[in-house]
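*Asks:* Could you have a look at this structure, given as structure tokens, before my questions?
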Amino acid sequence: MCGIIGRVGDGNALEPLLTGLENLEYRGYDSAGVAVQNGSGINVEKRSGKVEELKSSIGEPLQGEVGIGHTRWSTHGPPTDANAHPHTDESEDVAVVHNGIIENYTELRERLAANGYEFTSDTDTEVIPHLVQYYLDAGYDSEPAFRQAIDELEGSYAVTAMVSGEHVLYAARRGSPLVVGMEDGEYFLASDVPAFLEYTDSVIYLEDGDVVVVDEDGVEFTDLEGDPVVREPETVEWDPEQAGKGTYDHFMLKEIHEQPTSLSQAIEGRIDPAGGRIALADFEPGTFADVDSVQFVACGTSYHAALYGSLALNQAGVQSTALLANEYSVSAPPIDDDTLVIAVTQSGETADTLTALRRAAREGAATLTLTNVVGSTAAREADDALFIRAGPEIGVAATKTFSSQAVMLTLLAQRIAADLRGEPPADLEALLPELESMPAAIDDVLAGSAAKTVARRYSDSEAYFFIGRGLGYPVALEGALKFKEITYEHAEGFASGELKHGPLALVTPETPVFAIFTGQEDEKTLKNAEEAQTRGAPVIAVCPDDHPAVEVADDHLPIPDTEPDLAGLLANVQLQLVSYHAADLLGRPIDKPRNLAKSVTVE
Ligand code: GLU
């Protein structure tokens, strides 16, 4: 997992490369590096640490019109200067940046070393420049040498390479994302669009198996054999403003505040309150008429959204389970032609989720991806894709994408149930107007939140617990995940009723309990919260103002009154803010928590 950037054009490549790396840093940030062609050779600057550190360590600005850059999230070898990308062959004739894992690197490395090629890093990536050099030494021209090298790689990769003295970039993808950006004689290659959004919004996504050659005259797409393939350019609608922090201190806070907009975008044209139906035109009428069970596969925050969707489906009378994608290969429930497998992944590139999706497809399930990224691998590989339209999310801790995923899954659950029964579910009429007013309800939460005060009041606690029932349960899990991700404090989420089956042993006056009330058996959740309170734990109720829990709780984070299907998502916004302010008080690097990266493209 990492960010790749490449640039060919007039003028110096260094600035667009460094800008690209800064914009991609959310994809990985343990090391960074650039390589630039200066006419007489390749100059490489790389080091462990952040792009900022790389920038300040480049003394004499590198000069050259062609270059590549990389921000790394290590898989093979620790984040040292030597392991940072770009990697080169010994004579620095070939420079390569790579995202992914070369599974047969040991074998390739042994073979190349036996032929006298000297390795200087612990990475799997370093075999690539040596392999290209091996074929150059054998008399191949650059492009066939690159193709030949790529052909020998097993595993997953997005690779961008350059050869000394050429005004050309070579790239290939299998299993890791890569996109070309184009603007008046200037061309980019990158892992993701925000890398070059300041320069162009005209893009072409590579597909698995594509090999691309880019020079100042244009881009040539071929398959591995060298046969031309046609890839259509598209215009992305994100503007550079959207990819910046704006007036907020952190991307996470900005993204929390973007939720009214991102949710409006998600539901626009997809609900029809006047007609009393879900208008998901993404699917033909009756698409789901034959589905007899639904399995969700996802990881992390997306798994919590998937659990939310699965519970919503069960409540709508459709058999459904949510499974961790990384457990799926050892414990998938039986699949048949009438099983629908839904992959939920923000980036559409999550390796664990892709593996589960592919397994489901192999076994004959119908597949659907719910993702934020049009053109992503999961979107392209599934039979169908549904996009949450949340725009780029840069903070590593997912916020707006969770809300949009959960809302879209609420819509989808209703739609699947309607297709199955041949008529809309009975409670849809009450739900639709509430769905329509979700953006406004989130605005209310954001405007009057006491989350900062609550975060400060409990800042010296030993651990933080989150409880919820029904659709409040995935929200409790997500509340705890967010809290631990960005504060590094111990946080756990439980089904309210589970407290007394074990976790109550952890409860002390130093362990605040956030209780989420959604209108589903709230009296039981309140009783569970009181059981914790009796043992000394402060209780923070997340519920509407007129809720009985307000009287009982030590603190209150209010949410507007709404349907049980949606209340948890309003509570989640309060919990996002609590986590954010708690992390801010602790001075944590909120957008880039330690040891984590945004899109997890390794298993
Ligand atoms: N496997 C390569 C490494 O460890 C690339 C990792 C990445 O995608 O950043 O350097």
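The values are calculated or read from the model by the stated rules, or taken from the named source; none is laboratory data. In this text the structure is predicted, and so the values were computed from the model without any measurement. All Cβ positions, glycine included, derive from the backbone under ideal geometry; neighbour counts span all protein chains shown. With ligands, DNA and RNA removed, areas are computed over all heavy atoms of the protein, side chains included. Shrake-Rupley method; radii C 1.70, N 1.55, O 1.52, S 1.80 Å.
*Asks:* For the range 523-603, give the percent of accessible area contributed by carbon and sulfur heavy atoms, probe 1.4 Å, rounded to a whole number.
*Replies:* Taking all protein chains in place, the range 523-603 shows 47 percent carbon and sulfur surface.
*Asks:* Longer than 32 Å from Cα to Cα, which of 46/245; 527/592; 245/484; 452/500; 482/527; 46/598 are they? Say none if no pair is.
*Replies:* Values: 46/245 26 Å; 527/592 38 Å; 245/484 23 Å; 452/500 30 Å; 482/527 25 Å; 46/598 22 Å.
Flagged as over cut-off: 527/592.
*Asks:* Expressed in nm to one decimal, what extension gain is obtained for the pair residue 103 and residue 321 from 0.36 nm per residue of sequence separation less their Cα-Cα distance?
*Replies:* 75.3 nm
*Asks:* Further question on the same structure: If one computes the Cα centroid of the range 26-88 and of the range 494-518, what distance in Å separates the two points?
*Replies:* Cα centres, the range 26-88 to the range 494-518: 47 Å.
*Asks:* Just to confirm the filter: which chymotrypsin sites (Phe, Trp or Tyr not before Pro) across the range 66-160 are DSSP coil and have at most 16 other Cβ within 10 angstrom of their Cβ?
*Replies:* When the chymotrypsin sites (Phe, Trp or Tyr not before Pro) of the range 66-160 are filtered for loop state and at most 16 Cβ neighbours within 10 Å, 119, 140 remain.
*Asks:* What part of the accessible area of the range 187-238, given as a whole %, is carbon or sulfur when the probe is 1.4 angstrom?
*Replies:* 41
*Asks:* So what's the net charge close to residue 338: Lys and Arg +1, Asp and Glu -1, counting the other residues with Cβ under 11 Å from its Cβ?
*Replies:* -4
*Asks:* For a protection proxy built on the mean count of beta-carbon atoms within 10 angstrom, sort 518-525, 86-93 highest first, please.
*Replies:* Details: 518-525: 19.1, 86-93: 21.0.
Answer by packing, highest mean first, reads 86-93, 518-525.
*Asks:* Per residue, how much space in cubic angstrom lies within the convex hull of the C-alpha atoms of the chain?
*Replies:* With only Cα atoms used, the chain gives 152 Å³ per residue.
*Asks:* Another one. Residue by residue through the range 116-133, which ³J(HN,Hα) values in whole Hz follow from phi under the Karplus form 6.51 cos²θ - 1.76 cosθ + 1.60 (θ = phi - 60°), with glycine and proline marked x?
*Replies:* x, 7, 9, 9, 10, 10, 9, 7, 5, 4, 4, 5, 5, x, 5, 5, 4, 4
*Asks:* For the range 467-479, what does the Karplus curve 6.51 cos²θ - 1.76 cosθ + 1.60, with θ = phi - 60°, yield as ³J(HN,Hα) per residue in whole Hz, taken in order and with x for Gly and Pro?
*Replies:* Coupling constants for the range 467-479: 10, x, 10, x, 5, x, 5, x, 5, 5, 4, 5, x Hz.
*Asks:* Here's a follow-up. For the range 455-542, go through all pairs of different Cα atoms, get the mean of 1/r, take its inverse, and jot down that Kirkwood value in Å.
*Replies:* For the range 455-542, inverting the mean 1/r across all distinct Cα pairs yields 12.5 Å.
*Asks:* Same structure, new question: Cβ under 9 Å from residue 572's Cβ, residue 572 left aside: what net charge do those residues give with Lys, Arg +1 and Asp, Glu -1?
*Replies:* Working: positive: 482; negative: 478.
That sum, taken over residues with Cβ under 9 Å, equals 0.
*Asks:* Next up: Which whole-Hz couplings ³J(HN,Hα) result when phi for each residue of the range 363-379 is put into the Karplus expression 6.51 cos²θ - 1.76 cosθ + 1.60, θ = phi - 60°, listed in order with x for Gly and Pro?
*Replies:* Values per residue, Gly and Pro as x: 8, x, 6, 6, 10, 9, 10, 10, 8, 9, 10, 5, x, 6, 4, 5, 5 Hz.
*Asks:* Okay, next question. Let me know the Kirkwood hydrodynamic radius for the range 387-426, please, with Cα pairs as the basis and the value in Å to one decimal.
*Replies:* 11.5 Å is the Kirkwood radius here.
*Asks:* State in Å² the accessible area per residue of the range 285-360; use a 1.4 Å probe, count heavy atoms of protein chains only, and round to the nearest integer.
*Replies:* Per-residue value: 34 Å².
*Asks:* In whole percent, and with a 1.4 Å probe on the protein chains, what portion of the accessible area of the range 1-157 is carbon and sulfur? Each step should come with its number before you reach the end.
*Replies:* Working: 2330 of 5690 Å².
For the range 1-157, the apolar C and S fraction of the accessible surface comes to 41 percent.
*Asks:* If you don't mind, another one. On average, how much accessible surface per residue is there in the range 4-96, in Å², for a 1.4 Å probe, leaving out ligands, DNA and RNA?
*Replies:* For the range 4-96, the per-residue accessible area is 34 Å².
*Asks:* Nearest-5 percent of antiparallel DSSP beta bridges in the chain?
*Replies:* That works out to approximately 65 percent antiparallel.
*Asks:* How much length is gained if the chain between residue 247 and residue 140 is pulled fully straight, taking 0.36 nm per residue apart and subtracting their Cα-Cα distance, in nm to one decimal?
*Replies:* Between residue 247 and residue 140, full extension yields 33.3 nm more.
*Asks:* When only DSSP loop residues count, what GluC sites (Glu not before Pro) in the range 151-185 have their Cβ near at most 10 other Cβ atoms within 10 Å?
*Replies:* The qualifying sites: there are none.
*Asks:* Next question, about the same structure. What would the Debye formula give as log10 I(q)/I(0) at q = 0.22 Å⁻¹ for the alpha-carbon point model of the range 123-241, no solvent?
*Replies:* With no solvent term, the Cα-only Debye profile gives -1.30.
*Asks:* Which GluC sites (Glu not before Pro) does the range 260-354 hold that lie in a coil by DSSP with at most 10 other beta carbons within 10 Å? Before the final figure, lay out the partial values.
*Replies:* Details: sites: 268, 327, 349; in loops: 268, 349.
Taking the range 260-354 and a limit of 10 other Cβ atoms within 10 Å, the loop GluC sites (Glu not before Pro) found are 268.
*Asks:* Further question on the same structure: One quarter of the convex hull surface, Cα atoms only: what value does that give for the range 29-146 in nm²?
*Replies:* Taking the Cα atoms of the range 29-146, their convex hull projects to 7.3 nm² on average.
*Asks:* What does the accessible area per residue of the range 456-546 come to in Å², with a 1.4 Å probe and no ligands, DNA or RNA counted?
*Replies:* Counting only protein heavy atoms, the per-residue value for the range 456-546 is 38 Å².
*Asks:* Please list, ordered by chain and number, the residues whose modelled amide H lies under 5 Å from the amide H of residue 383; skip anything fewer than 5 residues away on the same chain.
*Replies:* 367, 368
*Asks:* Need the full-extension length gain, residue 198 to residue 554, defined as separation in residues times 0.36 nm minus the C-alpha distance. One decimal, nm.
*Replies:* Working: separation 356, 0.36 × 356 = 128.16 nm, distance 4.82 nm.
So the chain would gain 123.3 nm between residue 198 and residue 554.
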